[in-house]
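Following: one structure in structure tokens, then a few remarks.
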Amino acid sequence: MPKVATLAVAAAACVMLVGPQAILRLRADHISPHGEISRVALADGSVAMLDSDSAIAVDYDGSERHVRLLEGRAWFQVRHGDARPFRVAAGDGVTEDVGTAFEVDATGDQVRVGVTEGAVRVSGRQGKALDLRAGDRGGYAGDRAAIPISGDRDDIAGWRRGELLMRSMPLDTAIHAIARYRSAPVFLWGDFAAAAPVSGSFRTDQPEDALATLIVMRGLDQVRLPGGVLILRPKRAV
């Protein structure tokens with residue numbers, strides 16, 4: 001990739017990121033910066049763990065404890081003994097605590113919910129609510145009802161333990177997942193649709209090693225710019 005074109009791609013991507021981030025900061029009560037995992041003590045004694053690049057808005061009143069996941073993903077340990085229901089809104093649905101600890105993940109096209117303790121009730125925009133218990137997963141998108149999702153219990157909120165567990169994950173999605181824990185951004189250039197999916201376990205505190213592994217395994221071209229900015233693209237056919 002010519003140097004001028006490379007710099008233009010990086011500059012355009014940075015401009016696109018600045019606007020949404022400024023709006024997000026105005027809406028959010030708590031933000032976990034890029035590359036960090038944050039622990040937030042909520043007013044009722046509940047705890048929210050925010051993954052890198054995640055944000056929540058909190059609205060407690062006399063009738064409910066309401067949290068909106070604005071970006072990223074978060075795990076909640078809900079304090080009981082409070083008569084007000086604890087609800088987490090993300091996308092077009094709501095997850096209500098029924099005595100539990102659970103993750104809400106809005107990093108993809110579908111909002112995904114995973115339960116680590118107890119039970120929750122997940123409601124999409126339409127259809128019946130979906131009840132999930134410890135080890136269960138569910139999800140919803142758009143105006144569709146919440147549905148069960150298959151998956152390993154150990155995968156739920158693995159990032160809290162510093163683990164990224166990937167099972168047949170598209171390559172571009174895997175790169176974005178790892179890049180959340182890197183101090184400088186990673187931009188993708190080209191079509192990654194034909195690349196083989198990724199399965200494996202990576203450490204959130206070793207994003208450079210994880211990316212280096214994927215670059216070698218999938219034969220990606222890389223361009224490194226000042227400030228640690230990294231641009232990746234599939235190798236062109238010879």
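Elements of the type strands (runs of 3 or more DSSP E) sitting completely within region 64-110 and holding at least 3 residues that are under 14 Å from ALA48 (Cβ atoms) and either aliphatic (A, V, I, L, M) or assigned by TED's automatic domain parsing to the domain that holds TYR181 (or both): these cover 65-71, 86-90. Per the conditions (1) hydroxyl-bearing (Ser, Thr, Tyr); (2) surrounded by 15 or more Cβ atoms within 10 Å (Cβ to Cβ); (3) more than 24 Å from GLY91 (Cβ to Cβ); (4) under 21 Å from the mean Cα position of the chain (by Cα), the sole criterion not satisfied by THR213 is (4). Only residues that are modelled with pLDDT under 95 and β-branched (Val, Ile, Thr) were counted across region 79-110, and they come to 3. GLY35: under 14 Å from the mean Cα position of the chain (by Cα), assigned by TED's automatic domain parsing to the domain that holds GLY139 and either outside any strand (DSSP E or B) or among the aliphatic types (A, V, I, L, M) (or both), yes or no? For GLY35, the condition - under 14 Å from the mean Cα position of the chain (by Cα), assigned by TED's automatic domain parsing to the domain that holds GLY139 and either outside any strand (DSSP E or B) or among the aliphatic types (A, V, I, L, M) (or both) - is met.
Is it true that some residue in region 141-152 is in contact with a helix residue (DSSP H, G or I) (Cβ under 7 Å, 6 or more places away or on another chain), free of Cβ contacts under 8 Å to residues at least 24 places away in the same chain, assigned to a loop (DSSP other than H, G, I, E, B) and within 25 Å of PHE76 (Cα to Cα)?
Taking every residue of region 141-152 in turn, none turns out to be in contact with a helix residue (DSSP H, G or I) (Cβ under 7 Å, 6 or more places away or on another chain), free of Cβ contacts under 8 Å to residues at least 24 places away in the same chain, assigned to a loop (DSSP other than H, G, I, E, B) and within 25 Å of PHE76 (Cα to Cα).
For residues that are among the charged types (D, E, K, R) and part of a loop (DSSP other than H, G, I, E, B), scanning just region 41-63, find the one that is farthest from ARG180 (Cα to Cα). The qualifying residue farthest from ARG180 (Cα to Cα) is ASP61. Could you check, for region 217-225, whether at least one of its residues is farther than 29 Å from GLU117 by Cα, charged (D, E, K, R) and buried (at least 17 other Cβ atoms within 10 Å of the Cβ)? Yes - at least one qualifying residue is present in region 217-225.
Scanning region 118-131 for residues that are more than 20 Å from the chain's Cα centre (by Cα) and not in a loop (DSSP other than H, G, I, E, B) returns GLY118, ALA119, ARG121, LEU130, ASP131.
Whether a residue is touching a strand residue (DSSP E or B) at 6+ places or on another chain (Cβ under 7 Å), in contact (Cβ under 8 Å) with a residue 24 or more places away in the chain and assigned to a loop (DSSP other than H, G, I, E, B) was assessed, and ALA195 passes this test. When ARG125, ARG112 are screened for being basic (Lys, Arg), in contact with a Gly (Cβ under 7 Å, 6 or more places away or on another chain) and within 27 Å of LEU164 (Cβ to Cβ), only ARG112 passes. Within the span defined as region 146-161, one or more residues are buried (at least 17 other Cβ atoms within 10 Å of the Cβ), at positive phi and aliphatic (A, V, I, L, M). If you go through region 31-81 and keep only what is surrounded by 18 or more Cβ atoms within 10 Å (Cβ to Cβ) and more than 16 Å from ASP105 (Cα to Cα), you end up with VAL40, LEU42, SER46, ARG65, VAL78.
The values are calculated or read from the model by the stated rules, or taken from the named source; none is laboratory data. Predicted model only: the values in this text are computed from it and were never measured. Every residue, glycine among them, receives a Cβ derived from its backbone with ideal geometry; neighbour counts consider all protein chains shown.
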